[in-house]
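**Q** Take this structure first; my questions come after.
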There are 2 protein chains.
Amino acid sequence: MNAQQAASKGESTRELILDSAYELARGDGLEGLSIGLLAKQVGMSKSGVFAHFGSREDLQLAVLEAGRRRFLDQVLAPAVKLPRGLARLRAVVHNWFEWVHHYESGCVLLAAASEYDGKNGALHDAVVYQQAGWRESMTRTVGYAIASGELPASTDAEQVAFEIHALALALHQDAGLFGYEGAIRRARLGIDRLLGPAP
Amino acid sequence: MNAQQAASKGESTRELILDSAYELARGDGLEGLSIGLLAKQVGMSKSGVFAHFGSREDLQLAVLEAGRRRFLDQVLAPAVKLPRGLARLRAVVHNWFEWVHHYESGCVLLAAASEYDGKNGALHDAVVYQQAGWRESMTRTVGYAIASGELPASTDAEQVAFEIHALALALHQDAGLFGYEGAIRRARLGIDRLLGPAP
């Protein structure tokens, strides 16, 4: 194996560990992530896992970052192919609600927001950075729909972004407790009240 | 000590354990509740704790029920002194947002909704029962403000209850991540958009 092959193998092993860690964290949260269980799942020793991630915290940060990338790939990336405006905003909301449906049984990013909101440290900072970034992105997307004239000029973009976020949280909770069908109907009605009836 | 004194002492020891368990669960969730740590905090042996609660699950259920009573005492009870209508609805929302502020660093009921939404068992059932009961209560409270003519007759009470819940969830998350001041301003603007400007 030459140097390039070795680097590539290291990279793919890292991705494999990260995928398994992500799935484990969906059930038990990042705080509940067991390195022993993870090592077993990927067929390595604990020290083998730590060879790819310097520390437990580094691994948790990497899982969080993997979640962020996955979220942006699934929720934002397909929508930004649409021109700036209401259709793009609606597409982001649609994809976000699909994401909630897919990760109904446990979302690493949402769980992390609860796990680390009151704690200090690198994970708290990463969660705040991540959530603030997403809110800014939503506010910008709402802003484009104001600029295009599809939402009234008096619209408070940050407020609309906050309320979309609120509906996504309630969708997640209601879907988990009472079922997705009723919850998505309520969430969509809330969106219609915010953005006007869907076309 | 006669039988009545003994019963009363047993009751107050039970309450003491419950209070400590509630505080521990605020930080670590009901799943993370350590009986060893709890026993240490109340100065008893583990078996002493189990003498008051048959099992770990019985204790978790009792903590959940204690949380529910506390929530209703603080959020609903003061508001129902007001006549049925918009003022009572606004008072419930106000008290709820105060509750969120007080339990910003961790709310047992909210954590339980995440911990048990995807799981089967007695705790899941208790959380669903509790959350469904609270939603019904909110829907009824909104209904009174429709009946009094203060909200339009066309108002969908269940939808308004869902959206108030959504704003409370977003308030909790934003307050934890970005601070209460900005979050409460956003949540109140959302309520004004739902119920009309505050008097």
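The values are calculated or read from the model by the stated rules, or taken from the named source; none is laboratory data. Nothing here was measured: the structure is a model prediction, and the numbers come from that model. Methodologically, a virtual Cβ is constructed for each residue, glycine included, from the backbone with ideal geometry; neighbour enumeration extends over all protein chains shown. Please note that ligands, DNA and RNA were not included when accessible areas were found on the heavy atoms of the full protein model with its side chains. Shrake-Rupley method; radii C 1.70, N 1.55, O 1.52, S 1.80 Å.
Table: residues versus (1) over 18 Å from B:GLU163 (Cβ atoms); (2) open to solvent by less than 20 Å² (accessible area, probe 1.4 Å); (3) at the interface with another protein chain (Cβ under 8 Å from one of its Cβ atoms).
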position	(1), (2), (3)
A:VAL127	yes, yes, yes
A:MET138	no, yes, no
A:SER148	yes, no, no
A:ARG185	no, no, no
A:LEU195	no, yes, no
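**Q** Only one of (1) more than 23 Å from A:LEU33 (Cα to Cα); (2) open to solvent by 20 Å² or more (accessible area, probe 1.4 Å); (3) of a type outside the set (S, T, N, Q) is not met by A:ALA122, so which one is it?
**A** Unmet for A:ALA122, out of (1) more than 23 Å from A:LEU33 (Cα to Cα); (2) open to solvent by 20 Å² or more (accessible area, probe 1.4 Å); (3) of a type outside the set (S, T, N, Q): (1).
**Q** If you go through region A:155-176 one residue at a time, how many are in contact (Cβ under 8 Å) with a residue 60 or more places away in the chain and either touching a His at 6+ places or on another chain (Cβ under 9 Å) or not aliphatic (A, V, I, L, M) (or both)?
**A** Of the residues in region A:155-176, 4 are in contact (Cβ under 8 Å) with a residue 60 or more places away in the chain and either touching a His at 6+ places or on another chain (Cβ under 9 Å) or not aliphatic (A, V, I, L, M) (or both).
**Q** Please report, ordered by residue number, the helices (runs of 4 or more DSSP H) entirely within region B:116-199 with at least 2 residues that are farther than 28 Å from A:ARG135 by Cβ, under 17 Å from the mean Cα position of the chain (by Cα) and modelled with pLDDT of 95 or more. Write out each step before concluding.
**A** On the way: elements: B:122-147, B:157-178, B:180-195.
Because the criterion is at least 2 residues that are farther than 28 Å from A:ARG135 by Cβ, under 17 Å from the mean Cα position of the chain (by Cα) and modelled with pLDDT of 95 or more, the helices (runs of 4 or more DSSP H) in region B:116-199 that meet it are B:122-147.
**Q** Right, here's the next one. Filter region A:103-129 for residues that are on the phi > 0 side of the Ramachandran plot and touching a helix residue (DSSP H, G or I) at 6+ places or on another chain (Cβ under 7 Å) and give the result. Before the answer, list the steps.
**A** Quick first cut of region A:103-129, residues on the phi > 0 side of the Ramachandran plot only: A:106, A:121.
Matches in region A:103-129: A:GLY106 only.
**Q** Restricted to region B:159-168, and to residues that are crowded, with 23+ Cβ neighbours inside 10 Å and within 7 Å of chain A (Cβ to nearest Cβ), which residue is nearest to A:HIS172 (Cα to Cα)?
**A** Checked region B:159-168; the qualifying residue nearest to A:HIS172 (Cα to Cα) is B:ALA166.
**Q** Here is a list of conditions, (1) within 11 Å of chain B (Cβ to nearest Cβ); (2) without any contact (Cβ under 8 Å) to a residue 60 or more places away in the chain; (3) open to solvent by less than 30 Å² (accessible area, probe 1.4 Å), and A:LEU189 meets all of them except one; can you say which number that is?
**A** The number of the failed condition is (3).
**Q** I'd like to check something: does region A:67-78 contain any residue that is over 30 Å from A:ASP192 (Cβ atoms), more than 13 Å from chain B (Cβ to nearest Cβ) and of a type in the set (Asp, Glu)?
**A** Looking for residues that are over 30 Å from A:ASP192 (Cβ atoms), more than 13 Å from chain B (Cβ to nearest Cβ) and of a type in the set (Asp, Glu), one finds none in region A:67-78, hence no.
**Q** Restricting attention to region A:93-115, and to residues there that are assigned to a helix (DSSP H, G or I) and over 12 Å from the mean Cα position of the chain (by Cα), which single residue is farthest from the other protein chains (Cβ to nearest Cβ)?
**A** Start the filter on region A:93-115 by keeping residues that are assigned to a helix (DSSP H, G or I), which leaves A:93-102, A:108-115.
Checking which are over 12 Å from the mean Cα position of the chain (by Cα) leaves us with A:93-94, A:101, A:114-115.
Values: A:VAL93: 14, A:HIS94: 17, A:HIS101: 13, A:SER114: 6, A:GLU115: 9 Å.
Top of the filtered list is A:HIS94.
**Q** Another question, then. Out of B:GLU11, B:GLU15, I need the residue that is within 22 Å of the chain's Cα centre (by Cα) and either more than 30 Å from B:ALA153 (Cα to Cα) or among the aromatic types (Phe, Trp, Tyr) (or both). Which one?
**A** Result of the check over B:GLU11, B:GLU15: B:GLU15.
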